[in-house]
1. Look at Ala99 and say whether it is open to solvent by 40 Å² or more (accessible area, probe 1.4 Å), in contact with a strand residue (DSSP E or B) (Cβ under 9 Å, 6 or more places away or on another chain) and in contact (Cβ under 8 Å) with a residue 24 or more places away in the chain.
2. Considering region 43-78 alone, what residues qualify as being under 12 Å from the mean Cα position of the chain (by Cα), of a type in the set (Lys, Arg) and either part of a loop (DSSP other than H, G, I, E, B) or surrounded by 20 or more Cβ atoms within 10 Å (Cβ to Cβ) (or both)?
3. Would you mention how many residues in region 24-42 are over 16 Å from Ala114 (Cα atoms) and open to solvent by less than 50 Å² (accessible area, probe 1.4 Å)?
4. For Leu81, all conditions in the list (1) under 21 Å from Cys12 (Cβ atoms); (2) in a helix (DSSP H, G or I); (3) touching a helix residue (DSSP H, G or I) at 6+ places or on another chain (Cβ under 7 Å) hold save one; what is the number of the exception?
5. Name the residue that is modelled with the lowest pLDDT, counting only residues in region 84-131 that are among the aliphatic types (A, V, I, L, M) and assigned to a helix (DSSP H, G or I).
Amino acid sequence: MNFSFGKNEKLCSKKDIQTIFDKGEKFASYPFFFIFNQAQNREDAAVKVLITVSKKKFKKAVHRNRIKRLCREVYRLNKHLLIENLPGNLNNSLHLAIAYIATEELPYSTMHIAMQKSLKHIANEIKNHFS
C-alpha cells in the first residue's frame with residue numbers, strides 16, 4: 001500500500017472544483033461533509049481530494065491549518081479503503097471534497113473512525129452506481 005499524499009492526488013483545478021460543488025453527490029458523516037463526483041477522464045491519480053475548513057467557524061488560520069493537517073493525515077492513512085474498493089472497470093477518476101463541519105477541533109481518534117466509515121460508504125455508493 002502506498003500511504004503518500006502527493007501533489008498529483010490534490011484537487012487544484014478551479015474548473016474541477018466548481019464542477020464537483022455543482023454536480024457532485026453529497027452526504028454528511030460528522031465531523032465531515034463529503035462531495036464526490038466522477039471526472040471525465042482518467043488522470044494521473046485514481047482519486048483527487050480537496051480538504052476545506054470553514055473560516056466562519058475557525059477564525060484563526062492556525063486552527064484551520066491544524067484541522068486541515070489532521071484531516072489530510074486521516075485521509076492519507078485510510079485512502080486505501082476507497083481506492084481498493086473502486087470498480088476495476090472505472091475509466092474515470094474520482095474527485096472528492098472533504099469539508100470539516102464540526103464547530104470545535106475533535107480528537108484524532110474520532111476523526112479517524114469517521115473517515116474510515118465514510119470512505120467505505122463512498123466506495124459502496126460508487127460500486128452500486130456503476131455495477
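The values are calculated or read from the model by the stated rules, or taken from the named source; none is laboratory data. Bear in mind that the values here come from a model prediction, so they are computed numbers and not experimental data. Neighbour counts run over all protein chains shown; Cβ positions are idealised from the backbone, glycine included. Calculation scope for accessible area: heavy atoms of the full protein, side chains included, ligands and nucleic acids excluded. Shrake-Rupley method; radii C 1.70, N 1.55, O 1.52, S 1.80 Å.
1. Details: open to solvent by 40 Å² or more (accessible area, probe 1.4 Å): no; in contact with a strand residue (DSSP E or B) (Cβ under 9 Å, 6 or more places away or on another chain): yes; in contact (Cβ under 8 Å) with a residue 24 or more places away in the chain: yes.
So Ala99 fails the test.
2. Lys48
3. Residues flagged as over 16 Å from Ala114 (Cα atoms) and open to solvent by less than 50 Å² (accessible area, probe 1.4 Å) within region 24-42 amount to 5.
4. Of the numbered conditions (1) under 21 Å from Cys12 (Cβ atoms); (2) in a helix (DSSP H, G or I); (3) touching a helix residue (DSSP H, G or I) at 6+ places or on another chain (Cβ under 7 Å), the odd one out for Leu81 is (1).
5. Filtering region 84-131 for residues among the aliphatic types (A, V, I, L, M) gives 86, 90, 94, 96-99, 101-102, 106, 111, 113-115, 119, 122-123, 126.
Now restrict to residues that are assigned to a helix (DSSP H, G or I): 111, 113-115, 119, 122-123, 126.
Working: Met111: 97, Ile113: 97, Ala114: 96, Met115: 96, Leu119: 94, Ile122: 92, Ala123: 89, Ile126: 85.
Selected residue: Ile126.
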